[in-house]
Structures are given as C-alpha cells and as structure tokens.
1. Considering region 9-44 alone, what residues qualify as being of a type in the set (A, V, I, L, M, F, W, C) and in a helix (DSSP H, G or I)?
2. When region 19-30 is examined, which residues are found to be surrounded by 11 or more Cβ atoms within 10 Å (Cβ to Cβ) and either touching a strand residue (DSSP E or B) at 6+ places or on another chain (Cβ under 7 Å) or acidic (Asp, Glu) (or both)?
3. Check THR43, THR4, THR15 and return the single one that is free of Cβ contacts under 8 Å to residues at least 60 places away in the same chain and open to solvent by less than 60 Å² (accessible area, probe 1.4 Å).
Amino acid sequence: MRCTVVVITRDRRETLLDTLGRLRELPGKPPVIVVDNASSDGTPEAVE
C-alpha cells in the first residue's frame, strides 16, 4: 500500500523532530509533508 504522511504543526519543534525520526523508521519510507503554521520556535529551520 502506498501512502503519504502529512504532519501539521505549530511551535512543537522538539516533538516534531522526534516524530520525524520515528517516521523515517517506517517500512516503505513513505513521503512526509510537514505543514507549519507560523511557528516562532525555530521549527522550519530545524526541519530543513
């Protein structure tokens, strides 16, 4: 089965980085799209 994971976030930098690490371990390595709603905690820079 093919799927894409979409994660919506705002000001959750550490939690998001942990989540992305876990998503990288999924079988099949599904594509991950992160949608950030104007975080002010450095989330976009950390994800790059």
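The values are calculated or read from the model by the stated rules, or taken from the named source; none is laboratory data. Keep in mind the model is a prediction, meaning the values are calculated, not measured. Backbone-built Cβ (ideal geometry, glycine too); neighbour counts: all protein chains shown. Heavy atoms of the whole protein, side chains included, go into the accessibility calculation; ligands, DNA and RNA do not. Shrake-Rupley method; radii C 1.70, N 1.55, O 1.52, S 1.80 Å.
1. To start, the set of residues in region 9-44 that are of a type in the set (A, V, I, L, M, F, W, C) comprises 16-17, 20, 23, 26, 32-35, 38.
If the condition is that a residue be of a type in the set (A, V, I, L, M, F, W, C) and in a helix (DSSP H, G or I), then LEU16, LEU17, LEU20, LEU23 are the ones that fit.
2. Our first condition is that a residue be surrounded by 11 or more Cβ atoms within 10 Å (Cβ to Cβ); within region 19-30, this holds for 19-20, 23, 26, 30.
Passing the criteria: THR19, LEU20, LEU23, PRO30.
3. Working: THR4 fails: open to solvent by less than 60 Å² (accessible area, probe 1.4 Å); THR15 fails: open to solvent by less than 60 Å² (accessible area, probe 1.4 Å).
After applying the criteria, what remains is THR43.
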